[in-house]
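Asks: One structure follows; several queries about it will come next.
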Amino acid sequence: MRALAALPQDVQLPSVNAKTSAAARWLSSPWTLLLAVAVLRVPAFVYGVLDIDESDFALIARRIAQGAMPYVDIADIKPPLAFLAYLPSGIFESVPLWPMQAVAVLWVAATSLVLRAAARRMTGSEVAGWCAAWLALVAGFCELPKVSTEILMNLPSAAALWFWVRAEQEEGKWFDLAAGACIGLASLFRHQGAVLLLSLGAVMLVRGRVGRLLSMAAGFALPWGLAGGFFAGTGHFAEFWDWVVRRNFRYTSLHQGWLGRFAEGVLPSLAATLAAWIVAVRASAGALRRGPSAIEAGLIASLAASCAAICLGGRFYSHYFLQFIPLLALLGAGEAAAMIRKWSRTAAALCLLPALVLGGVTIGRGMENGYPCQEPRARLLAGWLEENTRPDERLFIWGHFSPIYLMSHRLPGTRYLTTSVHVGNFDPAHVPPGFDLSPFRSDADVALTLSDLERNRVPLFVDTSPAGIHSWNRVPLSTVPALARYLAEHYRPVAEVAGARIYRRSP
């Protein structure tokens with residue numbers, strides 16, 4: 001009780017009675033936080049794959065566990081830690097998702113606790129620290145409880161901010177070095193993690209902290225140097241550079257329909273995380289009025305830079321907004337602690353209502369068979385493949401739906417899990433009907449596909465475009481004539497399931 005009374009006035013709780021004290025103790029427990037994370041993520045254990053990215057990463061991790069080289073034997077444009085993180089699921093032959101979901105519960109809780117430590121050091125308030133931990137949970141309500149690369153990168157991003165706060169308070173270049181290394185690790189999960197280096201570095205540069213900026217940049221370069229050195233040592237640096245760096249600078253979105261994508265992605269995400277944005281924006285506005293400290297300036301600059309990065313991509317997926325979690329939690333921690341004193345019930349409603357809505361939406365989507373492994377055409381196709389092919393036979397799928405591999409318990413026969421990269425790497429759902437993708441065709445990827453098909457003598461070729469699975473009817477095989485010719489010359493049709501055409505390699 002005395003500890004609560006001793007807090008600064010702007011972060012005291014509304015009253016000091018037994019009921020309030022018990023609630024404060026309950027909300028100030030790591031076990032309570034862990035329980036809340038677990039409850040929010042229960043639907044992921046029930047429904048399995050909530051997004052096709054999860055099946056992509058799990059299958060790539062499975063191939064890596066078998067000895068495949070990333071970007072050579074199995075490829076994607078994500079950085080390598082995104083795949084390695086999924087090894088808890090990849091080491092199993094059946095590639096189940098529950099091990100990765102279990103890791104995610106601990107990962108999300110750990111992220112919140114690291115942000116709590118950073119906020120406590122930044123504000124000097126235990127209450128503000130716990131507010132940051134819970135705000136991190138609230139800021140994640142913009143997305144279903146899946147294991148995305150944003151969720152994975154947020155832990156090293158939170159650690160980077162903790163080191164950076166210490167560096168600002170203690171003037172320690174070693175802390176800057178550690179912060180840079182954590183930012184490097186975050187960007188090896190997802191490239192957008194590097195935004196912290198740019199925004200925090202800009203603040204350092206403006207304030208004349210060039211030496212500290214160089215320390216942070218050196219720390220950032222360390223994990224990337226190790227990753228690049230590994231691939232160089234194995235003779236595959238060219239593939240690493242191509243997939244992880246070059247292709248990501250060319251990763252764009254179609255301009256058509258961007259306004260609809262903006263409305264579908266931004267508005268629900270802001271509504272779901274309204275409490276976190278309110279306190280973060282209030283705190284940012286107050287800091288700008290009085291003149292922000294270096295820590296506040298860095299957080300505000302990072303928030304603005306993250307917004308710019310999302311807008312430049314033009315896709316506005318809801319999971320993109322998960323990268324705001326560390327920034328909203330730290331920016332809003334002190335303001336949230338102050339607001340609890342005045343509007344504790346309103347604050348609870350702003351946090352609990354979106355959680356209940358998110359839980360309802362997650363369960364409702366599952367009841368309506370809205371998740372990838374519930375797609376009826378894909379389930380029929382996967383069932384046929386499982387029953388009519390040997391477990392060791394591999395597939396090439398013309399399409400953008402890796403759960404087919406997962407549900408059929410078959411692995412890809414080429415380096416390509418999906419074939420969007422062959423035609424501009426657009427989301428097929430964003431491609432207008434009748435849009436000609438031929439000008440975006442990647443002849444290099446077509447050539448690599450033909451090489452893999454020939455070298456591996458891939459037994460099965462599946463064309464999902466006639467079935468329209470994940471809007472792939474907008475990308476017929478005729479878009480890539482060389483692949484269509486190879487199919488006609490080396491494969492014969494054996495079945496048509498739910499509209500998808502299945503071919504077996506000719507003797």
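The values are calculated or read from the model by the stated rules, or taken from the named source; none is laboratory data. This one's a predicted model, so the numbers in the text were calculated from it and none came from an experiment. Note that each Cβ is placed from the backbone with ideal geometry, even for glycine, and that neighbours are counted across all protein chains shown.
Asks: Among (1) at pLDDT below 95; (2) surrounded by 15 or more Cβ atoms within 10 Å (Cβ to Cβ); (3) outside the structural domain of W98 (by TED's automatic domain parsing), which single condition is P391 missing?
Replies: Answer for P391: the failing condition is (2).
Asks: Any residue that is farther than 23 Å from R410 by Cα, among the polar types (S, T, N, Q) and loosely packed, with under 15 Cβ neighbours inside 10 Å - is there at least one of those in segment 430-451? Walk me through how you get there before you give the answer.
Replies: Step one: list which residues in segment 430-451 are farther than 23 Å from R410 by Cα, which gives 430-444, 447.
Next cut, among the polar types (S, T, N, Q) only: 438, 442.
From what is left, the residues that are loosely packed, with under 15 Cβ neighbours inside 10 Å are 438.
Within segment 430-451, one or more residues are farther than 23 Å from R410 by Cα, among the polar types (S, T, N, Q) and loosely packed, with under 15 Cβ neighbours inside 10 Å.
Asks: Which residues, taken from segment 396-421, are assigned to a helix (DSSP H, G or I) and free of Cβ contacts under 8 Å to residues at least 60 places away in the same chain? Please lay out each step first, then the result.
Replies: To start, the set of residues in segment 396-421 that are assigned to a helix (DSSP H, G or I) comprises 403-408, 420-421.
Matches in segment 396-421: M407, S408, S420.
Asks: Could I ask something else about it? Give the residue, chosen from G201, G233, G208, that is outside the structural domain of P428 (by TED's automatic domain parsing) and on the phi > 0 side of the Ramachandran plot.
Replies: Values: G201 fails: on the phi > 0 side of the Ramachandran plot; G233 fails: on the phi > 0 side of the Ramachandran plot.
On inspection, the qualifying residue turns out to be G208.
Asks: Of these, W107, W174, which one is under 25 Å from L270 (Cβ atoms) and in a helix (DSSP H, G or I)?
Replies: Working: W174 fails: under 25 Å from L270 (Cβ atoms).
Of W107, W174, the one residue that is under 25 Å from L270 (Cβ atoms) and in a helix (DSSP H, G or I) is W107.
Asks: Please list, ordered by first then second residue, the pairs with beta carbon atoms under 8 Å, 6 or more apart or interchain, first in segment 207-222 and outside any helix (DSSP H, G or I), second surrounded by fewer than 20 Cβ atoms within 10 Å (Cβ to Cβ).
Replies: What qualifies is R207/A294.
Each row is one residue, and each column tells you yes or no for (1) out of contact with any Phe, Trp or Tyr (no Cβ under 7 Å at 6 or more places or on another chain); (2) farther than 14 Å from S302 by Cα; (3) not assigned by TED's automatic domain parsing to the domain that holds L327.
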| site | (1), (2), (3) |
| --- | --- |
| S157 | yes, no, no |
| A160 | yes, no, no |
| R166 | no, yes, no |
| K173 | yes, yes, no |
| L177 | yes, yes, no |
| I183 | no, no, no |
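Asks: So, A186, is that one in a helix (DSSP H, G or I), of a type outside the set (S, T, Y) and surrounded by fewer than 20 Cβ atoms within 10 Å (Cβ to Cβ) or not? Outline the logic, then answer.
Replies: Working: in a helix (DSSP H, G or I): yes; of a type outside the set (S, T, Y): yes; surrounded by fewer than 20 Cβ atoms within 10 Å (Cβ to Cβ): no.
So A186 does not fit the description; no.
Asks: Now for a different question. Tally time: how many residues in segment 399-412 are within 13 Å of V458 (Cα to Cα) and buried (at least 22 other Cβ atoms within 10 Å of the Cβ)?
Replies: If we filter segment 399-412 for residues that are within 13 Å of V458 (Cα to Cα), which is where we start, we get 410-412.
Now narrow it down to the ones that are buried (at least 22 other Cβ atoms within 10 Å of the Cβ): 410, 412.
Here the count works out to 2.
Asks: Which residue pairs have Cβ atoms closer than 8 Å, lie 6 or more positions apart in sequence or on different chains, and pair a first residue in segment 483-497 that is more than 20 Å from A467 (Cβ to Cβ) with a second residue that is in a strand (DSSP E or B)?
Replies: H490/R505
Asks: Considering R365, R341, R289, R282, which residue is touching a helix residue (DSSP H, G or I) at 6+ places or on another chain (Cβ under 6 Å) and among the basic types (K, R)? Explain how you work it out, then say what you get.
Replies: Values: R365 fails: touching a helix residue (DSSP H, G or I) at 6+ places or on another chain (Cβ under 6 Å); R341 fails: touching a helix residue (DSSP H, G or I) at 6+ places or on another chain (Cβ under 6 Å); R289 fails: touching a helix residue (DSSP H, G or I) at 6+ places or on another chain (Cβ under 6 Å).
Only one candidate passes the filter, namely R282.
Asks: Which of the following residues is outside any helix (DSSP H, G or I), surrounded by fewer than 22 Cβ atoms within 10 Å (Cβ to Cβ) and at pLDDT 95 or above: R492, R485?
Replies: Being outside any helix (DSSP H, G or I), surrounded by fewer than 22 Cβ atoms within 10 Å (Cβ to Cβ) and at pLDDT 95 or above holds for just one of R492, R485, which is R492.
Asks: Is it fair to say F461 is out of contact with any Asp or Glu (no Cβ under 7 Å at 6 or more places or on another chain), of a type in the set (F, W, Y) and part of a strand (DSSP E or B)?
Replies: Against the criterion (out of contact with any Asp or Glu (no Cβ under 7 Å at 6 or more places or on another chain), of a type in the set (F, W, Y) and part of a strand (DSSP E or B)), F461 qualifies.
Asks: Of the residues L356, L350, L322, L328, which single one is assigned by TED's automatic domain parsing to the domain that holds T273, assigned to a helix (DSSP H, G or I), of a type outside the set (G, A, S) and free of Cβ contacts under 8 Å to residues at least 24 places away in the same chain? Steps first, please.
Replies: On the way: L350 fails: free of Cβ contacts under 8 Å to residues at least 24 places away in the same chain; L322 fails: free of Cβ contacts under 8 Å to residues at least 24 places away in the same chain; L328 fails: free of Cβ contacts under 8 Å to residues at least 24 places away in the same chain.
After applying the criteria, what remains is L356.
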